[in-house]
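Values quoted throughout were computed directly from the atomic coordinates according to the rules given, and no laboratory measurement underlies them. These numbers come from a predicted model, not from an experiment. Note: ideal-geometry Cβ built from the backbone for every residue, glycine included; neighbour counts use all protein chains shown.
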Amino acid sequence: DTLRRVLQQMPKAELHIHIEGSLEPELIFALAERNGVKLPYGSVEALRAAYAFTDLQSFLDIYYAGASVLLHEQDFYDMTAAYLRRAEADNVRHTEIFFDPQTHTHRGVPMDVIINGIHRACQDSPVSATLILCFLRHLSEDDAIATLEAALPYRDQFIGVGLDSSEVGNPPEKFARVFARCRALGLHLVAHAGEEGPPAYIYTALDTLNVERIDHGVRCLEDPALTARLAKEQMALTVCPLSNIKLCVFDRMERHNLLELLDAGIVATVNSDDPAYFGGYMNDNFIATFEALPLGLSHAQRLARNSFAAAFLPAAQKQQYL
Ligand code: HPA
Ligand code: ZN
């Protein structure tokens, strides 16, 4: 129908995509073969069958195992190029891509191999694409600081930093010093908060880390004062509907709170998070959400507009979409 066509064809920005989460099972097996890496799964089908998650951690265990096939610059290039082709097909005009260097440097992959491979694929794509380096919050702040130091020779190849991995028990304030340093360096700041963690983590992401967007943030509605503040400050949330269902943040899409967030005046956006693991890319997320919730054309336009308004783009580049 027309709404579906509008969702597919409207220009959009993606602001919450982990590039390692775009690795499709077929590419994982192709890279395992190419690199002689042994996987604990016998086939593409066996790997896909393991994608039955109960919470964030049950997903992360498999996501890190999948990323173990990435060794050479060409592997990072091929992964990123495949994602960008899918994004282009979904009429994504701009994307801000998360990458997790510690997942790779801890296996002995050098920082330059990771960043150069991902960045070169971005330069070769017709889609506008920039990079956000994420620190793994289950590791120490000292490890994050060492990772930042190792990435600084490539400072011009990423625009910001984020915080991902196991949320509960690893609050934003654990990374206060490294984020202060990144802020002084002029990097953009974001953090995952309020996906599985409580509203208190959204407050400390804002007040201790000084982030400019909240990734997920859906638990903000448990705190009316926080909800009002996010709306007043026009602090964008990068919401990932299919991810939230697959990781059991909501038990089904009909119970997702995206419409309540919009109705509260919050700058919510729709994103894919880890599309190869959660059952779809950008347009799949839009379509699944609009099928389950009473959302219409005006919401589609608002979500597309929000995605560019919240993007880290020069005013001149975002103006054409607003
Ligand atoms: N949350 C936290 N860490 C992640 C996610 C997520 O949704 N995806 C990949 N790493
Ligand atoms: Zn995420």
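Residue exposure proxy: Phe179, Phe278, ordered by other Cβ atoms within 10 angstrom of their Cβ from fewest to most, comes out as Phe278, Phe179.
Please report Ile159, Ile17, Ile28 as a ranked list, fewest other C-beta atoms within 10 angstrom at the top and most at the bottom.
Numbers: Ile159 16, Ile17 27, Ile28 23.
Ordered by Cβ neighbours within 10 Å, fewest first: Ile159, Ile28, Ile17.
Taking every DSSP helix (H) stretch of at least 4 residues in the chain, weighting each as -39,500 (n - 2.57) and dividing the sum by the residue count yields a mean residue ellipticity at 222 nm of -13500 deg cm²/dmol. Going from the fewest other Cβ atoms within 10 Å to the most, the residues Ile287, Ile202 appear in the order Ile287, Ile202.
Applying a DSSP loop filter and a limit of 14 other Cβ atoms within 10 Å to the trypsin sites (Lys or Arg not before Pro) in the range 163-214 leaves nothing.
Report note on the peptides 249-258, 163-172, 149-158: ranked by the mean count of other C-beta atoms within 10 Å, highest first, their order is 163-172, 249-258, 149-158.
A simple rule links phi to the HN-Hα coupling: the Karplus curve 6.51 cos²θ - 1.76 cosθ + 1.60 with θ = phi - 60°, which for the range 276-283 gives 6, 9, 10, x, x, 8, 4, 5 Hz, with x for Gly and Pro.
Write out the trypsin sites (Lys or Arg not before Pro) in the range 1-94 meeting two conditions: DSSP loop, and at most 15 other Cβ atoms within 10 Å of their Cβ.
Numbers: sites: Arg4, Arg5, Lys12, Arg34, Lys38, Arg48, Arg85, Arg86, Arg93; in loops: Lys38.
Loop-located and lightly packed - Lys38.
Which peptide among 111-118, 124-131 comes first, and what is the full order, when sorted by highest mean count of other Cβ atoms within 10 Å? Write down the numbers at each step before the final one.
On the way: 111-118: 20.0, 124-131: 16.9.
Highest-to-lowest ranking by the protection proxy: 111-118, 124-131.
The convex hull drawn around the Cα atoms of the chain, when projected onto a plane and averaged over every direction, covers 15.2 nm².
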